[in-house]
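Laboratory data are not the source of any read-out in this text; all were calculated from the coordinates shown. Since the model is a prediction, treat every value here as computed from it, not as a measurement. Backbone-built Cβ (ideal geometry, glycine too); neighbour counts: all protein chains shown.
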Amino acid sequence: MVKQTQTTPPMVECFKVGKVYPPDVVALRDVSLSVRQGELVFITGSSGAGKSTLIRLIGRQEKPDTGMVLVNGREGARLNQAQQQRLRRDIGVVYQDFRLLPRLSVSRNIAMAMEVDYRPWRETSRRISELLEKMELTGKERRPVETLSRGEQQRVAIARAAANAPSLLLADEPTGNLDEQTGLLILNLFRELAAAGTTVITATHDSKLYRDHGHRVLHLQQGILQTDGEQR
Amino acid sequence: MKGKPRLTTFLVAILQQTGRNLARSWPTQSMSLLTVALSVLIFAFFLLIHLNMLAAGAKLGDELRLTIYLDEDINPAMQPRIREQIHQFGDIAEVRFISREQAMARFARRLGDEQDILRDLAPDFLPPSIEVVPRPGLLGLNQLSQLADFLSTLPHVSRVQYGQEWLQHFNSFNRLLRIVVLVSAALLTLNMIFTVSRTIQLTLAARREELEILRLLGADRAFVGTPFLAEGLLQGGLGSMLGLGSLYLIFQWTTNQLAGAGILGLFTPVFLPTWLLGLIIGASALLCLFSSLAAINKSLQV
Ligand SMILES: Nc1ncnc2c1ncn2[C@@H]1O[C@H](COP(=O)(O)OP(=O)(O)OP(=O)(O)O)[C@@H](O)[C@H]1O
Ligand SMILES: [Mg+2]
């Protein structure tokens, strides 16, 4: 729907964002960046560089200590509770630890994301089977999530984050437990979502995911944004 | 892209969520429902007895009359004045003046075949009296005793009789019942609030993990809170219906037993009127709704 052109409005903007964890761990320092609507961006850096922290700040699970984070032109602190909830439903998040409900079935876990957004039942079930097919999980709909392998659970978490075709998808190490082949499934899904207008921001160690594909990569080092550009 | 959801979609989603929650927590829910039912049963039981005692009292009161025993016959010329004074007091159906002779004649009639025993008595053996019959249902027991007080101030009155002792017992028993009804209503209220909010705390604790995920997914107040409100409403509504239903069965059974024993010739016991049943059910449902509202407002920061 939305073509990636230079005139596409920014979806995420960070201005001199800093985050310090007590007592004095500087997780992020003066990070400024702008990600346009429908863009597919990777955040890289070694362990402890601040990737997850940046994802959490953009997803409003935490507040920056300095600077400002805007999503769709709006700052989190200025939204009331109902607006924040509505925004949450429009941001899909793949958590590093998945945050699934282990006893509930695969489809129940995904359906929850669509139910809180009051999607019609038909749309929900159609979307779930579509996503499970893409994630190669067809046939496992009724399985309790706790009986799945880590890699399968990770794909359920990705399907849930993508379920509402959100405006923004934040993924923290979405291929951490996946082989290269399966990692490509995820990359393809993210590309499809981006082509349909979703802004996708992915934190990853996995250089195979973005190398050779000409995607924009933000490189963090000890909380500082080192490079921002295409990597080949 | 994200407009307001259609109302039906919204309702279906919330109903589904409520149903799923109920399906998972029904053991806790039904314990709480039974507690509500039991306290409604106890309260309504006392209320039923109280109402029936009041009805019986009203019926007995209708048959009450005051008899004023006099030292002397009242001069017939005075009678209209006294009659007027009594009528001024309130709604009086009838005032009868009974002379010594009339009293004797009535007594003789009542004795029937055995009136021989009166032969040796002086014809003025019985005192003259005034009988005052209040209009049925119009004089409460309080007014009756006020009327009695007033009548005892008339000239030549020796004694006013209207079954005071019995009435006082009856009255104080009814007062006691009223206190029991009020106290059990208060306990019922406390019990409901306590039970419902405790049940909600239990279910909240059991669903903590799920609620955290729902919060992350951006669920709004309506989605998270409505199932809890519906649970409160159901516990109050169904619980009180169950309590009142059991009371009705007990009532039916008891009246059948008593009818066999022939005790009910005096008055017909009545069940709680429909409007009162509706009131109890509605009030319980609302009460439970509000206590669940209070409980989730306290513990759900959604
Ligand atoms: N809640 C927290 N409390 C204290 N320190 C924290 C907290 N979260 C992160 N940190 C610290 O902030 C720094 C950045 O952490 P972050 O999780 O963002 O790194 P990362 O790039 O995601 O690492 P990894 O690749 O291992 O996931 C680390 O030094 C970490 O120890
Ligand atoms: Mg991380």
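Listed values, structure above:
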item	result
Helical segments meeting 30 Å axial Cα length and Kyte-Doolittle -1.0 threshold in chain B (DSSP H)	B:7-62, B:164-206, B:221-261, B:274-299
Per residue convex hull volume, Cα atoms of chain B, in Å³	188
Computed E for residue B:153/residue B:189 - FRET, C-beta separation, R0 35 angstrom, nearest 0.05	0.15
For residue B:24, net neighbour charge (Lys/Arg +1, Asp/Glu -1) across residues whose Cβ lies under 14 Å away	+2
Scattering profile of the protein assembly as shown at q = 0.08, 0.11 Å⁻¹ [log10 I(q)/I(0), Debye over alpha-carbon scatterers]	-0.69, -1.01
Ascending count of other beta-carbon atoms within 10 Å, so fewest first, for A:140, A:208, A:19, A:63	A:63, A:208, A:140, A:19
Cα-based equivalent ellipsoid, region B:65-161: semi-axes from gyration tensor eigenvalues, Å	27, 15, 11
Intensity falloff of region A:100-164 expressed as log10 I(q)/I(0), Debye formula with alpha-carbon point scatterers, at q = 0.15, 0.21 Å⁻¹	-0.37, -0.73
Over the protein assembly as shown: helical MRE at 222 nm, DSSP H runs n ≥ 4 each giving -39500 (n - 2.57), nearest 500	-18000 deg cm²/dmol
Lysine pair number, Cα distance threshold 28 Å (strictly under), chain A, separation 8 or more or different chains	12
Shielding by partners - mean other protein chain Cβ count within 10 Å, residues of B:203-213	2
Peptide-level mean, for A:118-124, of C-beta atoms on other protein chains within 10 Å	4
Cα pair distances in region A:60-179, grouped into 10 Å bins until the bin that holds the longest one, percent each	13, 42, 30, 13, 1
Shape category assigned to region B:219-300 from the gyration tensor of Cα positions, a/c cut at 1.5	prolate
